[in-house]
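Enquirer: The structure's right below; bear with me while I get my questions together.
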Amino acid sequence: MAPAAGFLTGVIGPLIAIACGSCQDGVRGPLRFDGALIAVARYAVPPVTLGTVAGVFTSRRYGRVAGAGLGVLAALLVTMLVLGRFTA
């Protein structure tokens, strides 16, 4: 579950964040915080995903670790969606 949530957050999340149904090319632009959006997807999501998977396999309380990891991934997804809404 954590790898799938990590994939959704890291790969699909930024695409959802910049998607625009009414824009001519389908991409909302220009973004104010495009660097921050890419940084979250590139530098925050993979360690959280790997940490969650490692914690599930090494901890006695794997349910608590999995819940915390999925909660952090959900918070990162929301962060990326909020960053994608700000246009110049």
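The values are calculated or read from the model by the stated rules, or taken from the named source; none is laboratory data. None of these values were measured; they are calculated from a predicted model. Positions of Cβ are backbone-derived with ideal geometry, glycine not excepted, and every protein chain shown enters the neighbour counts. When the accessible area is computed, the model is the full protein with side chains, heavy atoms only, and any ligands, DNA or RNA have been set aside. Shrake-Rupley method; radii C 1.70, N 1.55, O 1.52, S 1.80 Å.
Enquirer: Based on what the data block shows, is residue 83 over 10 Å from the mean Cα position of the chain (by Cα), open to solvent by less than 60 Å² (accessible area, probe 1.4 Å) and either more than 20 Å from residue 12 (Cβ to Cβ) or modelled with pLDDT under 95 (or both)?
Expert: Yes.
Enquirer: Looking at 76, 15, which one is of a type in the set (A, V, I, L, M, F, W, C) and free of Cβ contacts under 8 Å to residues at least 24 places away in the same chain? Walk me through it before giving the result.
Expert: Numbers: 76 fails: free of Cβ contacts under 8 Å to residues at least 24 places away in the same chain.
Only one candidate passes the filter, namely 15.
Enquirer: Right, next: Going by the conditions given, is residue 39 of a type in the set (A, V, I, L, M), open to solvent by less than 30 Å² (accessible area, probe 1.4 Å), in a helix (DSSP H, G or I) and farther than 25 Å from residue 64 by Cα?
Expert: Numbers: of a type in the set (A, V, I, L, M): yes; open to solvent by less than 30 Å² (accessible area, probe 1.4 Å): no; in a helix (DSSP H, G or I): yes; farther than 25 Å from residue 64 by Cα: yes.
So residue 39 fails the test.
Enquirer: Same structure, new question: Could we say that residue 2 is open to solvent by less than 70 Å² (accessible area, probe 1.4 Å), over 22 Å from residue 87 (Cβ atoms) and modelled with pLDDT under 90 here? Explain how you work it out, then say what you get.
Expert: Details: open to solvent by less than 70 Å² (accessible area, probe 1.4 Å): yes; over 22 Å from residue 87 (Cβ atoms): yes; modelled with pLDDT under 90: yes.
Yes; evaluated as a whole, the condition is true for this residue.
Enquirer: A follow-up question, please. Report whether or not residue 16 is part of a helix (DSSP H, G or I), aliphatic (A, V, I, L, M), open to solvent by 50 Å² or more (accessible area, probe 1.4 Å) and in contact with a Pro (Cβ under 9 Å, 6 or more places away or on another chain). Outline the logic, then answer.
Expert: Details: part of a helix (DSSP H, G or I): yes; aliphatic (A, V, I, L, M): yes; open to solvent by 50 Å² or more (accessible area, probe 1.4 Å): yes; in contact with a Pro (Cβ under 9 Å, 6 or more places away or on another chain): no.
Spelling it out, it is not the case that residue 16 is part of a helix (DSSP H, G or I), aliphatic (A, V, I, L, M), open to solvent by 50 Å² or more (accessible area, probe 1.4 Å) and in contact with a Pro (Cβ under 9 Å, 6 or more places away or on another chain).
Enquirer: Another question, then. Within segment 22-35, is even one residue assigned to a helix (DSSP H, G or I), touching a residue at least 24 places away in the same chain (Cβ under 8 Å) and open to solvent by less than 40 Å² (accessible area, probe 1.4 Å)?
Expert: no
Enquirer: Among the residues of segment 40-49 satisfying the criterion of being farther than 17 Å from residue 85 by Cβ and without any contact (Cβ under 8 Å) to a residue 40 or more places away in the chain, which is nearest to the chain's Cα centre (by Cα)? First the steps, then the outcome.
Expert: Restricting attention to segment 40-49, the residues satisfying the condition of being farther than 17 Å from residue 85 by Cβ are 42-49.
Retained after the next criterion (residues that are without any contact (Cβ under 8 Å) to a residue 40 or more places away in the chain): 42-45, 47.
Values: 42: 9, 43: 10, 44: 8, 45: 6, 47: 11 Å.
Within segment 40-49, the match that is nearest to the chain's Cα centre (by Cα) is 45.
Enquirer: Continuing with the same structure: From the residues in segment 50-61 that are without any contact (Cβ under 8 Å) to a residue 40 or more places away in the chain and in contact with a Gly (Cβ under 7 Å, 6 or more places away or on another chain), which one is surrounded by the most Cβ atoms within 10 Å (Cβ to Cβ)?
Expert: Among those that are without any contact (Cβ under 8 Å) to a residue 40 or more places away in the chain and in contact with a Gly (Cβ under 7 Å, 6 or more places away or on another chain), it is 55.
Enquirer: Moving on to the next point. Among the listed residues 9, 52, identify the single one that is under 9 Å from the mean Cα position of the chain (by Cα), modelled with pLDDT of 90 or more and of a type in the set (Ser, Thr, Tyr). Give the derivation first.
Expert: Numbers: 52 fails: under 9 Å from the mean Cα position of the chain (by Cα).
From the options 9, 52, the qualifying one is 9.
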